[in-house]
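The values are calculated or read from the model by the stated rules, or taken from the named source; none is laboratory data. All values derive from a computational prediction rather than experimental measurement. We place every Cβ from the backbone using ideal geometry, glycine too, and count neighbours over all the protein chains shown.
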Amino acid sequence: MSSLKFNTIIKNATIYNGTGEESYCADVGICRDQIAAIGNLNADGANVVEAQGLSLMPGIIDVHTHYDAQITWDPTLSPSPSMGVTTAVMGNCGFGIVPCPPEHQDIMLKNLSVVEGMNLKTLLEGTQWKFESFTEYLNYIKEQRPHANVAVLIGHSAVRTAVMGEDSSVRIKPTAKELDAMRAIVDDALAHGAIGFASSFSPNHSGYGGRPMPSTIADDEELYALLEPIKKRNGVFVTAGGQRATPEYLETISKTFNCPTFLVSILAMHNDSDPSASADYYERCEAALGRGHEVYIHANPHPLSFDFTLRNPYIFYAHDAFNAVKVAAPEQLASIYKSHTFRDEFRNNLSEDKIGAIFNGTWDKIELDEVPITKLAKEADQDPLNWLFDQSIETQFVGKMYQNNDEGVAKLLSHPNAIIALSDAGAHVEFLCDAGFGLYFLQHWVNDTGTFSLPHAVHRLTSEPATRYRIKQRGQIKKGYFADLVLFDPKNIGISKLYKLNDLPGQGSRLMRNPKGIHGVWVNGTKVISNANNKPIQKGPGHILTEFDF
């Protein structure tokens, strides 16, 4: 069929091209970083990969990651490429690390350590501060040669910290000069390749010392001023939302600034205690889309489990009783938890359902060694609250509050306004590892439950997020598109159980999973993962994405 000179040919693969169309068998020829031909190809001179009945799909696009600091010491973006992810969007929730004047670098990392559950010693020892501006950051991570493609959001909290310093978490109103400076930073970032602007209104997002993350106290006047450059430059808007970020609120932003908007909120996640609430969010977003305004929801396909200890009980942080906990030294925690004053205050907090809080009193959803603590408390003749706070601050619990009912979650994942996402890869690494969200989606929602066909599932993980985020020439197996590809066994696709790995800077540890059924991952035509040798290549082939299809 072709006389082209290919670098690599993947032969006899069952191709799921990312559009949702049915699969077909063909060869895929790669020339440099692009797909050059699809069909029955002449393999002369090419490196031939014999698929032997395996399937080929576009690389997974993960639009919700937090690799902003990790990429400075680990350009492999471990473990995402091993999980089939070939493109990652960083800077979510507005918690990036640029711009970063030297005098504010420590507070930026300290905030990040709390809000994204990261080891502070790891961040302080690992983060390589070889940049200050957004443009310098993009240039630096390009020099790092990442193993996946990377797009970066400019973050509200980072911008606020850079301009307002320590005041960013306590002072609601910036001065006119400060607001102008913040707006100029956002404008410059969008002009030099930011994919959009990210913020957070979530009450669960507290920073170092119990202070609110900067963006969560900003008012609408400030937010709208920082969104103005999007109307001129183009970009997406992504927010982690509390009660403030309603579908109607995002629709107004989409209409005003002519941009796609994306919501990340536990209010849009299935909760057995109020099963209709999340569906209502999706219906309101669908109504906005029907009026021509793009409002989407990041929908996580896996059960949202929160591993936590009483040393870092972040699932409770939205409640006032924990204000003292957030600022306490570790050696003070035990006495706080034993205090009747603390326990009574927390019990009183839970008497009123707090919108946007992770935990509102569903004690049966918290487990120790897979046993609900309600059962353990009953056996000890205690109520769950008293029983929990009698435990060691190092005891590891799991809270299974959201996305734990397949029937309810299936309706959300199938909704046209859902975008399959929310791995949080790079964050909360001591507590979870959901970087394999795409493989879990294929394992559970295709193979286990039959909720999605394989062609449809591949579409949801690849070309759909690429289209909605305006990512060019990715997400499909198509001539002229970049050769981001995953060779896999659809019958055995999935992820392993969690295990602990001690490999982070500052002797930090993280929870990890291994992929199942992955036989090869290519990024821009270069193989970065194989089933035979999982050792990373020395220089990654990932591109820093700076031009989008707006």
Members of the stretch 323-370 that are within 19 Å of residue 113 (Cβ to Cβ) and under 26 Å from the mean Cα position of the chain (by Cα): 326, 358
The stretch 394-431: number of residues that are of a type in the set (Val, Ile, Thr) and at pLDDT below 90: 1
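In the stretch 194-209, what residues are more than 20 Å from the chain's Cα centre (by Cα) and not hydroxyl-bearing (Ser, Thr, Tyr)?
Start the filter on the stretch 194-209 by keeping residues that are more than 20 Å from the chain's Cα centre (by Cα), which leaves 208-209.
Residue satisfying the conditions is 209 alone.
Matching residues to (1) under 28 Å from residue 398 (Cα atoms); (2) under 17 Å from the mean Cα position of the chain (by Cα); (3) not assigned by TED's automatic domain parsing to the domain that holds residue 126:
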site	(1), (2), (3)
421	yes, yes, no
433	yes, yes, no
447	yes, no, no
450	yes, no, no
455	no, no, no
484	no, no, yes
490	no, no, yes
Residue in the stretch 435-442 that is among the hydrophobic types (A, V, I, L, M, F, W, C) and either more than 28 Å from residue 477 (Cβ to Cβ) or not assigned by TED's automatic domain parsing to the domain that holds residue 290 (or both) present: no
Inter-residue pairs, beta-carbon under 7 Å, first under 19 Å from residue 111 (Cβ atoms) and in the same structural domain as residue 112 (by TED's automatic domain parsing) and in the stretch 163-191, second surrounded by fewer than 20 Cβ atoms within 10 Å (Cβ to Cβ) and acidic (Asp, Glu), 6+ apart: 163/178; 164/178; 172/219
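Does residue 114 meet the test of being of a type outside the set (S, T, N, Q) and surrounded by 24 or more Cβ atoms within 10 Å (Cβ to Cβ)?
Values: of a type outside the set (S, T, N, Q): yes; surrounded by 24 or more Cβ atoms within 10 Å (Cβ to Cβ): no.
When the stated conditions are applied, residue 114 does not pass them.
Condition (residue is outside the structural domain of residue 246 (by TED's automatic domain parsing), in contact (Cβ under 8 Å) with a residue 60 or more places away in the chain and either of a type outside the set (Gly, Ala, Ser) or surrounded by fewer than 17 Cβ atoms within 10 Å (Cβ to Cβ) (or both)) applied to the stretch 343-350: is it met by at least one residue?
Taking the stretch 343-350 as the starting set, the residues that turn out to be outside the structural domain of residue 246 (by TED's automatic domain parsing) are 343-350.
Going one step further and asking which of them are in contact (Cβ under 8 Å) with a residue 60 or more places away in the chain, we end up with none.
No, because not a single residue in the stretch 343-350 is outside the structural domain of residue 246 (by TED's automatic domain parsing), in contact (Cβ under 8 Å) with a residue 60 or more places away in the chain and either of a type outside the set (Gly, Ala, Ser) or surrounded by fewer than 17 Cβ atoms within 10 Å (Cβ to Cβ) (or both).
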Every residue from the stretch 210-243 that is within 21 Å of the chain's Cα centre (by Cα) and surrounded by fewer than 21 Cβ atoms within 10 Å (Cβ to Cβ): 212, 243
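Here's the yes/no breakdown for (1) under 20 Å from residue 261 (Cβ atoms); (2) in a loop (DSSP other than H, G, I, E, B); (3) touching a helix residue (DSSP H, G or I) at 6+ places or on another chain (Cβ under 6 Å):
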residue: 132; (1), (2), (3): no, yes, no
residue: 141; (1), (2), (3): no, no, yes
residue: 145; (1), (2), (3): no, yes, no
residue: 227; (1), (2), (3): yes, no, yes
